[in-house]
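Here the structure is laid out as structure tokens; the discussion comes afterwards.
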Amino acid sequence: MPETRRPPAADTSAAPGAPLVVALVGLPGAGKSTVARALVADLGLRRVCRDEVRAAMFPQCDYSFIEKRAAYRGVLLAVEINALLGRSSVIDGMTFSRREDYARLRELADPQRFAVMALHLDCAPALARRRVADDALRRAHPARDRTPELVDAVAARFDDPPADAVRIDASLPLVDVCRRAVDAVRARLRDGAA
């Protein structure tokens, strides 16, 4: 029978063993969804995908900034509930290209008593454009606004990744990227997430 965890004590810092929320940072096409699936399969994290939240909220989506912001609020609520249930999460479907998105997640972590870990999938824009174009040919991604041009737009506005982010070279074969991501998150979980 799987172990059930009670919500953490009243302390405002993430205690050892606190749930972990992994923020995947990187361009469209960096491999975030592939890594998210590996973290779910290998470590049992709960995947919270902004693309899927947005599609559920707005079935006839215009992919506007306001729809994306509303979906991000849904993501934050989902990771908060997962943390209250004692479960760790991985956030997919976001680039965290704007520093304030990661900062908002960190602000939520203290009162909700979960730890946050950023994994930066460092990918050159040219490679990300090729991967996005390949996905579009196979219709392999839920976001219809995901184009090679979007890669360029996101790259142009990408803030520096969080200083505490674990960098992974996303130009490596995706199996190696996933292995490194799983190893980094496993180590963080083993060390108590805090």
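The values are calculated or read from the model by the stated rules, or taken from the named source; none is laboratory data. None of the values given here were measured: they were computed from a predicted structure. All Cβ positions, even for glycine, are placed from backbone atoms using ideal geometry, and neighbour counts span all protein chains on display.
A few notes on this one:
- Flag if ASP122 is at pLDDT 95 or above and at negative phi: yes
- Restricting ALA56, ALA36 to those that are buried (at least 20 other Cβ atoms within 10 Å of the Cβ) and either at pLDDT 90 or above or not charged (D, E, K, R) (or both) reduces the list to ALA36.
- Any hit, the range 89-102, residues being loosely packed, with under 14 Cβ neighbours inside 10 Å and at pLDDT 90 or above: yes
- The lone exception for ASP110 - which of (1) over 25 Å from ARG188 (Cα atoms); (2) in contact (Cβ under 8 Å) with a residue 40 or more places away in the chain; (3) not β-branched (Val, Ile, Thr) it fails: (1)
- Residues in the range 52-69 that are in a helix (DSSP H, G or I) and either touching an Asp or Glu at 6+ places or on another chain (Cβ under 7 Å) or within 24 Å of ASP169 (Cα to Cα) (or both): ARG54 alone.
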